[in-house]
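What follows draws every value from the coordinates through simple rules; no lab data is involved. Note that the structure is a prediction, hence the values are computed from the model and not measured. Here the Cβ positions follow ideal geometry from the backbone for every residue, glycine too, while neighbour counts run over all protein chains shown.
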Amino acid sequence: MLKNIAKNFSSLIVSQVIYKLLSFLAIAYAARHIGDAAFGQLSFALYFGILFFAMSDIGMSEVYILEAAGNRQNEKKSMGICIGNRIIFSAAAFILLYACAFFLSNSRDLFFLIFLIGAAMIIDSATFFLRSVFRAREQMEYEAVSIILEGAVKLFAIAAALIIFKNSLFFLGVAFLLSSTASFLITALICKNNFLLVKPVFKLDHFLSFSKRGLPFAVIGFLSVVSLKIDTIMLAKMSGDYIAGWYGAAVRLLEAILIIPITSATVLFPVVSRLYNKSVKSFLKVYKVSLMASFVVGVFLAAAMYFGAGL
């Protein structure tokens, strides 16, 4: 078990580092070409769009892992129900996204940027759900491949849009949407060829049951996103796009540190879900050890950030 956890953790941590590097290059390239004010609008659209990422999933990724981890018999049924629920919530998220883009934008370019990037985030959420198949089976090397390809496609699309269309915010938003769509199709193809991909199931009792189970995860995810992104959104509205652009660039550097705890939680969640169904004693043992390890690493990272900030 420890060997498998180490393999999954190393696969994901390497892929996340590569993805963050590719994303940093893409964002840095965009910031250099579109200017401070336009980059502030881009930061606002990205951070605001992430809210719809959480809204369109409603905890279905976690519910699927809980149902399918260590129990192959529940995979197809659970995936069909989760996909059906996600389609309903994603449709509602698209409608809300259009309304928010209309009321929050003060220009045509910003409206399209918010809508296109928000739509890209909703598609990214669907990609994130498909990766839960790899997590449930604890074969996260497939997720690592998907993540790296996503970063490469995004960098290429953003660079191409900025070069061909001369720094247009509209086509920059189109680049985000197309790269997210390509990443979704690549991940869906990996799922179909190596694991499973089933048709959605629409039944009221299943919808209510799975939505109820996913709600706590949805609330946690939504509040986590809000706590990390709301400052940039508020800053853009109160102080303007120029200040938000500089602040957003600094925050992105700090967000890289979150790779370690997020990856640890991603790797351990299907393990503890499987153990809970088989042995509560083993579940508690792994839970306590992982919690202590996360605390120690968190204290070390916090100290490193504090003392390294002045360097």
Original post:
Taking 0.36 nm per residue of separation and subtracting the Cα-Cα distance, what length does fully extending residue 185 through residue 301 add?
Top reply: 38.2 nm
Subject >> Given 12 as the ceiling on other Cβ atoms within 10 Å, longest exposed-site-free region of the chain for trypsin sites (Lys or Arg not before Pro) in DSSP loops >> reply: 1-165
Subject >> Nonlocal Lys pairs with alpha-carbon distance under 16 Å, the stretch 2-258 (8 or more apart, or different chains) >> reply: 9
**OP:** Quick one, could you list the DSSP H helices from the chain stretching 30 Å or more along their long axis (Cα atoms) with average Kyte-Doolittle hydropathy of 1.0 or above?
**Re:** 36-57, 75-104, 108-136, 141-164, 169-194, 280-308
Subject >> Efficiency of FRET from Cβ geometry, residue 215 and residue 291, R₀ 25 Å, rounded to 0.05 >> reply: 0.55
**OP:** May I ask you to derive the relative contact order of the stretch 31-156, considering only C-alpha pairs under 8 Å and at least 6 residues apart, and to give it as an integer percent?
**Re:** 35
Subject >> Positive minus negative residues near residue 64 (Lys, Arg vs Asp, Glu; Cβ under 12 Å) >> reply: +3
Subject >> Potential lengthening between residue 71 and residue 141 on full extension [0.36 nm per residue; Cα-Cα distance subtracted] >> reply: 23.2 nm
**OP:** Could you let me know the centre-to-centre spacing of the stretch 138-165 and the stretch 69-130, using Cα atoms, in angstrom?
**Re:** 19
**OP:** Using a Förster distance of 30 angstrom, determine the FRET efficiency expected from the C-beta separation of residue 102 and residue 24, and round it to 0.05.
**Re:** 0.45
